[in-house]
Amino acid sequence: MTSNDKYVLEILLENGTVTQEQIDGVKESETIRHGGSVVDALLAEDVLSETDILTILASQFGMEFITLQGLDIPTDVRDVVPADVARRYRVMPVYKTEDGVAIAISDPLDFDTVDSLRYVLKCNVEAVVASRAEIQVALDRYYAIEATMDTMMDQITDGTVDVAMSGTQDIIQDDQATDSDAPIIKLVSLIILEAYKNRASDIHLEPLEKRFRVRYRIDGVLHEVDSPPKRLQAAIISRVKIMAGMKISEKRIPQDGRIQVNIMGRELDLRVSTVPTNAGESIVMRILDKQSLALGLPKLGFFTDDQQTFERLIKLPDGIILVTGPTGSGKTTTLYACLNEINKPDRKIITVEDPVEYQMSGINQVQVRPDINLTFAAALRSILRQAPNIVMIGEIRDRETANIATEASLTGHLVFSTLHTNDAPSAVTRLLDIGVKPFLVASSLRAVMAQRLVRCICDNCREPYQVTESDLEFLGPAAKQMTESTLTKGRGCNKCALTGYTGRKGIFEILLVTDEIQKMIFEKQSASILRQRAREMGMRTLREDGLRKIVSGITTIEEVLRVTMGDQN
């Protein structure tokens with residue numbers, strides 16, 4: 001426990017705190033047999049407590065014994081001792097003195113540490129005594145951020161991440177935060193800042209049984225990062241809920257919220273979702289970058305031919321245009337890019353969304369609220385009386401919404417929406433399955449575009465490589481063109497975090513509803529037959545569009561296989 005146990009025993013005997021019989025009684029204990037000292041054995045056998053020993057030693061050397069539990073240590077006191085120094089010497093600053101600082105140590109006999117601190121801190125150091133456990137708790141509380149991410153902490157300063165707080169009745173605001181809250185506030189800001197710097201689309205804060213995991217989704221793939229200690233889990237979750245305007249006292253049901261932040265001059269929205277788990281509340285923050293809306297269709301990944309086709313479609317006066325794909329395939333970004341392209345003063349655009357992900361100027365956006373019966377269908381019925389030219393529905397989920405959408409398209413409105421299907425022809429089958437009449441689908445549907453996102457090869461570490469036979473076998477007959485092409489892939493570098501990829505672009509499958517396809521829909525032909533005929537008429541599958549992007553050096557065979565594994569050529 002101390003640096004000189006023999007001397008401590010002499011003081012304890014002289015003081016009458018222990019007897020020689022008690023000392024002799026622990027000399028054969030398990031603690032000593034496993035290399036512990038006599039003092040350690042006395043503590044293990046509950047003959048003495050650590051507080052008893054430290055109180056006596058502090059008195060012996062004219063030092064103060066203090067209790068750190070419940071003590072609020074101001075920021076200006078903590079700033080005297082850098083985090084790395086506090087952790088290295090396992091000490092805690094507690095208050096300022098006239099010419100220096102008082103430092104809590106757990107070993108009153110460790111004079112070398114006190115001398116070293118005077119030299120390192122360049123000021124007078126007054127030693128006070130506290131228990132080792134309390135010092136560790138204080139280090140975890142006040143220096144937790146630096147302990148987990150010390151190199152990154154130097155990069156964040158006040159004002160780097162500005163939060164527009166939204167209030168509820170049981171939350172506190174930033175100006176009410178105490179000094180003890182500051183490390184947690186700074187840590188949460190750091191997590192958001194690092195996610196932004198790493199181009200993450202989502203931040204996952206996941207309570208596990210024995211640890212608190214932080215992961216970033218970067219280019220569609222989850223990456224685990226340095227995580228805070230498990231003991232900070234509750235404080236971090238409460239801070240995020242405060243920022244998002246949620247009820248911090250409610251931990252039994254899922255909650256949704258929103259955070260508006262300004263990171264280094266860039267406006268971001270964070271859509272926050274909490275779900276209670278058996279180890280605590282799991283939080284996912286979706287990062288919505290408003291500037292991504294101004295990308296334009298070419299930046300989404302369209303080649304010239306597909307771009308021209310899609311531009312012609314979104315300028316039609318009426319009909320339904322569907323974008324399909326699984327969650328995270330970029331459907332919403334594509335729809336917003338379309339709206340941004342056709343958002344003109346002479347057109348009225350209304351959207352119905354759940355939730356409203358991006359705030360767009362010049363567009364009327366309606367947030368669905370099922371708790372007050374403002375559903376997709378109810379909102380659609382109302383907004384059609386607003387005489388819009390263009391309507392965007394976040395997702396067609398039920399028969400009523402689908403019927404209103406098709407009727408709107410047949411009465412002179414251009415309708416954009418999404419469906420969760422694996423490919424374009426399956427969207428037709430999905431609409432029929434939820435109860436839309438075949439003649440309504442055939443008459444209203446103009447096109448369906450399925451899409452996926454593939455990671456782009458890092459330009460900084462791009463290098464050529466030769467296609468293997470196994471690659472060609474996986475890709476099938478459509479890959480024959482690759483045997484004569486020089487393909488590239490990313491070697492992995494610091495710029496791409498050794499992944500070989502930076503950024504993502506889409507691969508697309510566009511089904512145009514021609515007269516012949518209309519007839520097939522009316523006859524309720526299956527998705528496989530629709531797909532076969534559409535391909536005969538020139539439709540490229542997702543994998544075939546992916547192959548074009550491989551040959552063009554945009555992505556790799558592994559990426560296309562990853563997102564189109566179920567695609568058949």
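The values are calculated or read from the model by the stated rules, or taken from the named source; none is laboratory data. Remember, it's a predicted structure, so these values are computed and weren't measured experimentally. We place every Cβ from the backbone using ideal geometry, glycine too, and count neighbours over all the protein chains shown. Just so you know, the surface numbers come from the protein's heavy atoms only, side chains and all, with ligands and any DNA or RNA stripped out. Shrake-Rupley method; radii C 1.70, N 1.55, O 1.52, S 1.80 Å.
Could you grab me the full set of residues in segment 117-135 that are touching a residue at least 40 places away in the same chain (Cβ under 8 Å) and in contact with a Leu (Cβ under 6 Å, 6 or more places away or on another chain)?
The answer is Val129, Ala130, Glu134.
Is it true that some residue in segment 279-288 is open to solvent by less than 30 Å² (accessible area, probe 1.4 Å) and at pLDDT below 85?
Checking segment 279-288: at least one residue is open to solvent by less than 30 Å² (accessible area, probe 1.4 Å) and at pLDDT below 85.
Within segment 290-311, identify whether any single residue is more than 22 Å from Tyr336 (Cα to Cα), small (Gly, Ala, Ser), touching a strand residue (DSSP E or B) at 6+ places or on another chain (Cβ under 8 Å) and crowded, with 17+ Cβ neighbours inside 10 Å, and answer yes or no.
Taking every residue of segment 290-311 in turn, none turns out to be more than 22 Å from Tyr336 (Cα to Cα), small (Gly, Ala, Ser), touching a strand residue (DSSP E or B) at 6+ places or on another chain (Cβ under 8 Å) and crowded, with 17+ Cβ neighbours inside 10 Å.
Would you check which residues across segment 334-353 are buried (at least 19 other Cβ atoms within 10 Å of the Cβ) and either in a loop (DSSP other than H, G, I, E, B) or charged (D, E, K, R) (or both) and list them?
Glu353 - this is the single residue of segment 334-353 that is buried (at least 19 other Cβ atoms within 10 Å of the Cβ) and either in a loop (DSSP other than H, G, I, E, B) or charged (D, E, K, R) (or both).
Got at least one residue in segment 432-445 being closer than 22 Å to Pro317 by Cα, at pLDDT 90 or above and assigned to a strand (DSSP E or B)?
yes
Looking only at segment 252-262, count every residue that is more than 16 Å from Ile185 (Cα to Cα) and open to solvent by 50 Å² or more (accessible area, probe 1.4 Å) and tell me the total.
Count: 5.
State which residue is surrounded by the fewest Cβ atoms within 10 Å (Cβ to Cβ) when the search covers only segment 80-96 and only residues that are closer than 21 Å to Thr51 by Cβ and among the aliphatic types (A, V, I, L, M).
Val94
What number of residues in segment 97-115 are surrounded by 15 or more Cβ atoms within 10 Å (Cβ to Cβ) and either among the hydroxyl-bearing types (Ser, Thr, Tyr) or under 42 Å from the mean Cα position of the chain (by Cα) (or both)?
Step one: list which residues in segment 97-115 are surrounded by 15 or more Cβ atoms within 10 Å (Cβ to Cβ), which gives 100-110, 113-114.
From what's left, either among the hydroxyl-bearing types (Ser, Thr, Tyr) or under 42 Å from the mean Cα position of the chain (by Cα) (or both): 101-106, 113.
Final tally of qualifying residues: 7.
Regarding segment 190-206, can at least one residue be identified that is modelled with pLDDT under 90 and more than 17 Å from the chain's Cα centre (by Cα)?
Scanning segment 190-206, I find no residue that is modelled with pLDDT under 90 and more than 17 Å from the chain's Cα centre (by Cα), so the answer is no.
Just give me the residues in segment 408-432 being surrounded by 21 or more Cβ atoms within 10 Å (Cβ to Cβ), of a type outside the set (Val, Ile, Thr) and more than 32 Å from the chain's Cα centre (by Cα), in sequence order.
Answer for segment 408-432, where residues must be surrounded by 21 or more Cβ atoms within 10 Å (Cβ to Cβ), of a type outside the set (Val, Ile, Thr) and more than 32 Å from the chain's Cα centre (by Cα): Ala408, Ser409, His413, Leu414, Pro425, Leu431.
Criterion first (in a helix (DSSP H, G or I) and either open to solvent by 60 Å² or more (accessible area, probe 1.4 Å) or among the basic types (Lys, Arg) (or both)) does Arg231 satisfy it?
Details: in a helix (DSSP H, G or I): yes; either open to solvent by 60 Å² or more (accessible area, probe 1.4 Å) or among the basic types (Lys, Arg) (or both): yes.
In short, yes.
Among the residues of segment 116-127, how many are under 14 Å from Glu64 (Cβ atoms) and buried (at least 20 other Cβ atoms within 10 Å of the Cβ)?
Residues that pass the stated criteria total 2.
Just to check your reading of the model, which residue among Ser249, Ser238 is over 14 Å from the mean Cα position of the chain (by Cα), open to solvent by 30 Å² or more (accessible area, probe 1.4 Å), more than 30 Å from Val563 (Cα to Cα) and modelled with pLDDT of 90 or more?
Ser238
Write out, first by first residue and then by second, each pair whose Cβ atoms fall under 7 Å of each other, whose residues are 6+ apart or on separate chains, and whose first residue, in segment 394-421, is acidic (Asp, Glu) while the second is open to solvent by less than 10 Å² (accessible area, probe 1.4 Å) and outside any helix (DSSP H, G or I).
Partner pairs satisfying both residue conditions: Glu395/Ser417; Glu395/Thr418.
Among the residues that make up segment 291-308, is at least one of them of a type in the set (Val, Ile, Thr) and touching a residue at least 40 places away in the same chain (Cβ under 8 Å)?
Scanning segment 291-308, I find no residue that is of a type in the set (Val, Ile, Thr) and touching a residue at least 40 places away in the same chain (Cβ under 8 Å), so the answer is no.
Taking segment 378-392 on its own, how many of its residues are outside any loop (DSSP other than H, G, I, E, B) and open to solvent by less than 30 Å² (accessible area, probe 1.4 Å)? Steps first, answer last, please.
Initially, segment 378-392 is screened for residues outside any loop (DSSP other than H, G, I, E, B), giving 378-386, 390-392.
Of the ones still in play, those that are also open to solvent by less than 30 Å² (accessible area, probe 1.4 Å) are 378-380, 383, 390-392.
Count: 7.
Tell me which residues, restricted to segment 510-524, are under 18 Å from Arg446 (Cβ atoms) and not in a helix (DSSP H, G or I). Give the steps one after another, and end with the answer.
In the first step, residues of segment 510-524 are kept if they are under 18 Å from Arg446 (Cβ atoms); the result is 510-522.
Matches in segment 510-524: Ile510, Leu511, Leu512, Val513, Thr514.
In segment 41-78, which residues are more than 20 Å from Val91 (Cα to Cα), over 46 Å from the mean Cα position of the chain (by Cα) and exposed (fewer than 14 other Cβ atoms within 10 Å of the Cβ)?
Asp46
If a residue must be in contact with a strand residue (DSSP E or B) (Cβ under 7 Å, 6 or more places away or on another chain) and either open to solvent by 30 Å² or more (accessible area, probe 1.4 Å) or assigned to a strand (DSSP E or B) (or both), how many such residues does segment 393-407 contain?
2
Residue by residue through segment 106-118, note down the ones that are modelled with pLDDT of 85 or more and assigned to a helix (DSSP H, G or I).
Thr113, Val114, Asp115, Ser116, Leu117, Arg118
For the list (1) assigned to a strand (DSSP E or B); (2) surrounded by fewer than 15 Cβ atoms within 10 Å (Cβ to Cβ), I need the number of the one condition that Arg215 fails.
It fails just one condition, (2).
Out of Arg540, Arg562, I need the residue that is open to solvent by 10 Å² or more (accessible area, probe 1.4 Å) and assigned to a helix (DSSP H, G or I). Which one? First the steps, then the outcome.
Working: Arg540 fails: assigned to a helix (DSSP H, G or I).
After applying the criteria, what remains is Arg562.
I'd like to know if segment 448-464 contains one or more residues that are over 34 Å from the mean Cα position of the chain (by Cα), more than 18 Å from Gln518 (Cα to Cα) and of a type outside the set (Lys, Arg).
There is no residue in segment 448-464 that is over 34 Å from the mean Cα position of the chain (by Cα), more than 18 Å from Gln518 (Cα to Cα) and of a type outside the set (Lys, Arg).
In this structure, does Ile507 turn out to be open to solvent by less than 40 Å² (accessible area, probe 1.4 Å), hydrophobic (A, V, I, L, M, F, W, C) and part of a helix (DSSP H, G or I)?
Taking the combined requirement at face value, the residue does not satisfy it.
Sort out which residues of segment 433-460 are under 30 Å from Arg217 (Cβ atoms), touching a Leu at 6+ places or on another chain (Cβ under 8 Å) and open to solvent by less than 20 Å² (accessible area, probe 1.4 Å), and write them in order of number.
Scanning segment 433-460 gives Ala447, Val448, Met449, Ala450, Gln451.
Tell me, please, whether a residue that is at pLDDT 90 or above, out of contact with any strand residue (DSSP E or B) (no Cβ under 9 Å at 6 or more places or on another chain) and open to solvent by 20 Å² or more (accessible area, probe 1.4 Å) can be found in segment 312-333.
Looking through segment 312-333, at least one residue is at pLDDT 90 or above, out of contact with any strand residue (DSSP E or B) (no Cβ under 9 Å at 6 or more places or on another chain) and open to solvent by 20 Å² or more (accessible area, probe 1.4 Å).
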